[in-house]
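Data block below; observations after.
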Amino acid sequence: MKLNTSSTSSNLIDISRRDSSFVDRIKRRSGVNLDLCWHCHSCAGGCPFVTAMDYPPNRVIRLVQLGLKKEALESSGIWICVGCNTCSVQCPNAIDIPAVNDALREMAIEEGVAVAEPNILAFHREVLNSIERYGRTHKFEIMLRYKLRRRDWFSDMAVGLKMFAKRKLELLPSRSRDMKIIKGLFGHKQTV
């Protein structure tokens with residue numbers, strides 16, 4: 001089976017390596033009925049990041065439906081998704097695609113699959129670390145720690161300066177009033 005993912009590249013997928021239980025596991029984890037997908041491409045038409053993905057959202061769903069676990073878990077699309085729910089709003093069946101991507105990301109991490117977008121995973125970790133420390137995000141610290149990890153200081157400095165000018169970046173973090181509840185949420189956290 002040949003899936004054309006873009007005009008410049010095509011991937012050959014060996015459907016003989018199907019995992020027949022994969023779709024049921026993703027349905028259970030995500031709470032989403034993937035049988036509702038008509039593959040109408042409405043989700044892809046609404047996604048602001050679809051051009052950066054190897055497979056648009058409906059094709060990731062199709063990979064799952066076909067039991068093509070390796071291809072679904074190695075997809076960059078599951079990591080590029082920001083969970084904005086634009087795809088779900090566009091979907092005529094209101095399929096919660098970000099929940100499917102969350103389930104796929106969790107499974108990829110658990111199974112030690114190479115992360116297709118490791119920088120995005122590093123950014124997600126910094127966001128969670130900030131929430132654990134302060135009970136909310138401290139964008140300045142998140143960006144600083146992320147830049148430190150990547151050793152990429154100046155590539156988007158203009159954006160950072162604009163954010164400062166518009167007061168979107170606070171130098172000092174604000175802390176949630178009830179950190180005990182926040183710490184409780186992170187008490188069972190797994191090492192990734």
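The values are calculated or read from the model by the stated rules, or taken from the named source; none is laboratory data. These figures come from a predicted structure and were not determined experimentally. Here the Cβ is made from the backbone with ideal geometry for all residues, glycine too, and neighbour counts use every protein chain on show.
Some points to look at:
- Of all residues in segment 23-48, those that are assigned to a helix (DSSP H, G or I) have Cβ atoms under 8 Å from Cβ atoms of residues that are hydroxyl-bearing (Ser, Thr, Tyr), 6 or more apart or on another chain, in Cys43/Ser88; Gly46/Thr86.
Listed here are the residues, each with its yes/no results for (1) within 22 Å of Pro57 (Cα to Cα); (2) more than 18 Å from the chain's Cα centre (by Cα); (3) of a type in the set (A, V, I, L, M); (4) surrounded by fewer than 17 Cβ atoms within 10 Å (Cβ to Cβ).
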| position | (1), (2), (3), (4) |
| --- | --- |
| Ala99 | yes, no, yes, no |
| Glu110 | yes, no, no, yes |
| Pro118 | yes, no, no, yes |
| Leu121 | yes, no, yes, yes |
| Asn129 | no, no, no, yes |
| Ile142 | no, no, yes, no |
| Val159 | no, yes, yes, yes |
| Leu169 | no, yes, yes, no |
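- Exactly one residue out of Ala122, Ala99 is of a type outside the set (D, E, K, R), in the same structural domain as Arg29 (by TED's automatic domain parsing), under 27 Å from Val50 (Cβ atoms) and touching a residue at least 24 places away in the same chain (Cβ under 8 Å), and it is Ala99.
- Of residues in segment 107-119 being part of a helix (DSSP H, G or I) and free of Cβ contacts under 8 Å to residues at least 60 places away in the same chain, the one farthest from Asp24 (Cα to Cα): Asn119
- Of all residues in segment 49-71 being of a type in the set (A, V, I, L, M) and surrounded by 22 or more Cβ atoms within 10 Å (Cβ to Cβ), the one that is farthest from Gly31 (Cα to Cα): Met53
- Within segment 125-156, tally of residues that are more than 26 Å from Arg28 (Cβ to Cβ) and in contact (Cβ under 8 Å) with a residue 24 or more places away in the chain: 15
Residue by residue, here is whether (1) assigned by TED's automatic domain parsing to the domain that holds Leu12; (2) at pLDDT below 95; (3) in contact with a helix residue (DSSP H, G or I) (Cβ under 6 Å, 6 or more places away or on another chain) holds:
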residue	(1), (2), (3)
Asn33	yes, no, no
Ala52	yes, yes, yes
Val60	yes, no, yes
Val64	yes, no, yes
Lys70	yes, yes, no
Cys81	yes, yes, yes
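- Candidate set from segment 144-157 (those that are loosely packed, with under 12 Cβ neighbours inside 10 Å and assigned to a helix (DSSP H, G or I)); member that is modelled with the lowest pLDDT: Met157
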